[in-house]
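Please see the structure below; I have some questions.
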Amino acid sequence: MKGFFKKKKKNRNTDTAAPSAVLPTSAEATRTADAQQSLPHAAKPKVYYDAIEVVEQLLGVAKEASESTDVLSPLKSACALMIRGTQAIREFHYNQIAWLDLCEDLEQHVIQMQADREELQERQSIEDHACLQALERYISVTADVIKKASISNSESVVPAIIKGAGSAQVEKEEIARCRDMLQSAWNVYLAAMKGSIALKVEVIAVQLGTLQQKLPRETINRSIQDDYGVVGSDYTIAYGDRVDICEDGTRVEILNRIREWANDFESQSQIFWLNDAAGTGKSTIAATMAKEWFLDNRLASRFFFSPNSRTTQSTREFCQIVAEDIARNYPSVASLIRGTMKEMSPDQGVWLDVQLQRLIIEPIARLQVNDSVLIVIDALDNCVVSDERAGLLNTFIRHLPSVRHLKLFLTSRPVQDIADILSPCPLVHGADIQLLNIRNSLHLDINLFVEKRLKGVSLEDRAMIIARSGGLFLYAATVCRMLERSRNRFDVLKIVSDVGVTDKLERRMDILYLSVLKQALVDKEAGDMMLDVLSMIIVAYQPLSSNTIRQFLPDNIYVDDFVQDLGGILKDGHPDRPIRVLHPTFRDFILSNEDRANGFLIRSGRSASEMAYACMATLERILEDDMFHLDDPNRFPPRNDDVESINRLILEKTTAAERYASAFWAHHVATSEMTPKLWSRVMGFLSKKYLNWVELMSWRGSIGLCIEGLSRLRETVRNVPEINEHRE
């Protein structure tokens, strides 16, 4: 919605502009512009009475806020009514800029209120009388403004009792007073809401205090570190916390087969390998079983390989992340794991075999349990180095027979190197299962999924979506997201209906991806800007938020708009939340070739170059000697342990974009299209800011990233003749 509001502002250039279609309209409001202009405003009684109905309902919501103990319900009702009220004002005053400006104020308020509602839904509900009082006042003022706007343009249809309350035409001065009154109430609301959310955070923090005391100190310290350059956000991805689970009633047969395998304590099959094509729902099944086993106290750990993060594209930190999860789930072995973790880390170059044996196998072997304990590994094919995949599998196969109560649930695409190891292995079960069964014409699971997600879509259209999915859950889920976020469902359904029943599944997904991209590109001249945003999302080593991308692309005014409008293929469009690509097949599509991407191709080398330039520019603006003002000329420089709350200080003094840039600028240079111009830029940055950069990374406890980035940079430079000549 936010993106649509902003783009539509371009249409209001003259006093005779047609009514904006910013908000959802009633059947009466969707008449053609010509028909609307041919009628006097007095001939639109329905719009007027709609506005008066909105006023009455808003006053009812204000009364609800004054009597309620929870702000969520009146906030939700107010948003919906304000959308209707704003549309009514636009219908009445489509040719008066002053009123349209006021409408834009209301639209921005709705956007913020919806964001506030989402934020509050994630917090524990508590009473907040100040917030409710502020909301009541704001709603009452909004109702008064809508009422004045309606009266000002409806003399011939207004009942006498209402007509006497206002003048024949509200002048600009009166509109200005309305805006001032509205803004004043809005400021009070914002202040109260900010305090409410802060209070909820404080309450949650107090409630978590006891739990945090039970966790290993190292785990707590790492979890509160910032979002770029350390493992904090990587853990969310690695643990699959954002992966959807199966809808109730779907995937019953396969889930039951997995449960039977997990519950068979005597079985020699310690590995369940679920393999099938991309988009068949393997990750959803993995997330479902991980949640179920966690609730049953049988989950040792889980690791979801993903291209959304550098950590989850490799086995480098696999053992550390899995071991921390085991320590949380089984406190009896936590001290053993913590002691071992101090002896070894990925930065020390300890072999995977040794890490896995000491951090995972040995602690689980010591567990006194009556049932199997399980480790879930999802999408192993997303581990980009085949030798790492092979190393992980062979290590597990070698050690599993020594721990009979440990079982491994594994999913992947049928990649050849994985199949070569698992297919002949006697420990493996489930390799014969086919999730994508095209011969099943009913597609019962997808039928249930679509029925639950698209209750507002006709039975005929739902049947068409199910048929076009061809058994591919990814296709059905993408169409559902498009319909849920689209302003024009007809266009989405038309795209689905045009897909050939015999088209290959990859072709069907390509058509969907293209349609999402084209619909998001309302302004054709902004195509390069949209590709710039997508490029950063695709090549980032960790997911970026809209706010971070805006800091890297300060001249791109459409960042939030694009992210919101690409909701069919991206997840999390809140400005502060990391943006994730919903499925790896979109990466495959947009990085493929010009013919397939059809105007939306992203070239990874070029995109990495642009990211490298943005990171260096960001760092040059902030890096300086003693940037945290911690040095004392009369003492030796302090160590990290000597500075109280160093992680909190870093978070307060730097932005997410600055933290990301400091962690990964060298990595982006190493993967870019290296040119003498870029190399000259790198040398200039290092000559001026190298020591400041190292100081910042030292405070962050991430010197390992410095060494890794510079090592990769050195290898890249050695392989580029033009740069070697330039150096000489």
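The values are calculated or read from the model by the stated rules, or taken from the named source; none is laboratory data. The model shown is predicted, which means the values in this text are computed figures rather than measured ones. As a convention, Cβ positions derive from the backbone with ideal geometry for all residues, glycine included, and neighbour counts pool all protein chains shown. Surface areas here come from the heavy atoms of the whole protein model, side chains and all, with no ligands, DNA or RNA. Shrake-Rupley method; radii C 1.70, N 1.55, O 1.52, S 1.80 Å.
Determine the share of the range 547-603's accessible area contributed by carbon and sulfur atoms, expressed in whole percent, with a 1.4 angstrom probe.
Result for the range 547-603: 46 percent of the exposed heavy-atom area is carbon or sulfur.
So, with +1 on the Cβ of K and R and -1 on the Cβ of D and E, and no other charges, what is the size of the charge dipole of the range 607-728 about its Cα centre, to the nearest 20 debye?
240
A 26 angstrom limit on the alpha carbon distance is what I want to check against. Which of Lys455/Lys494; Lys282/Lys571; Lys147/Lys455; Lys452/Lys494 exceed it?
Lys147/Lys455
Based on the Cβ-Cβ distance from Tyr690 to Asp576, what FRET efficiency comes out when R0 is 25 Å, to the nearest 0.05?
0.20
Continuing with the same structure: Report the charge-dipole magnitude of the range 514-633 in Debye, nearest 20, computed about the Cα centre from +1 at each Lys and Arg Cβ and -1 at each Asp and Glu Cβ.
Dipole of the range 514-633, to the nearest 20 debye: 800 debye.
For Met627 and Arg366, FRET efficiency with R0 = 41 Å and r from the beta-carbon atoms, rounded to 0.05?
0.35
Right, something else. Counting heavy atoms of the protein chains only and a 1.4 Å probe, report the per residue accessible area for the range 618-728 as a whole number of Å².
Accessible area per residue: 57 Å².
Over the range 624-728, with every protein chain in place, what whole percent of the accessible area is carbon and sulfur at 1.4 Å, could you tell me?
48
While we're on this one: Taking a ≥ b ≥ c as the square roots of the Cα gyration tensor eigenvalues, with a/c under 1.5 meaning rounded and otherwise prolate when a/b beats b/c, else oblate, which class fits the range 623-724?
Prolate, because a/c is 1.5 or more and a/b exceeds b/c.
Still on this structure: Tabulate in residue order the Karplus-calculated ³J(HN,Hα) for the range 666-679, using 6.51 cos²θ - 1.76 cosθ + 1.60 with θ = phi - 60°, rounded to whole Hz; enter x for Gly and Pro.
5, 4, 5, 4, 5, 9, 8, 7, 5, 10, x, 5, 5, 4
Next question, about the same structure. Per-residue HN-Hα couplings for the range 174-184, Karplus 6.51 cos²θ - 1.76 cosθ + 1.60 at θ = phi - 60°, whole Hz, x for Gly and Pro?
Whole-Hz 3J(HN,Hα) from phi for the range 174-184: 5, 5, 4, 5, 4, 5, 5, 5, 5, 5, 4.
For the range 314-376 and the range 622-670, compute the distance between their C-alpha centroids and round to whole Å.
Going from one Cα centre to the other spans 31 Å.
Kindly identify the range 451-524 as rounded, prolate or oblate by the Cα gyration tensor criterion: order the square roots of the eigenvalues as a ≥ b ≥ c, call it rounded if a/c is under 1.5, otherwise compare a/b with b/c, prolate if a/b is larger, else oblate.
oblate
Sticking with this one: If the chain between Gln133 and Lys518 were fully stretched, how many nm would it gain, using 0.36 nm times the residue separation less the Cα-Cα distance?
Residue separation times 0.36 nm, minus the Cα-Cα distance, leaves 134.2 nm.
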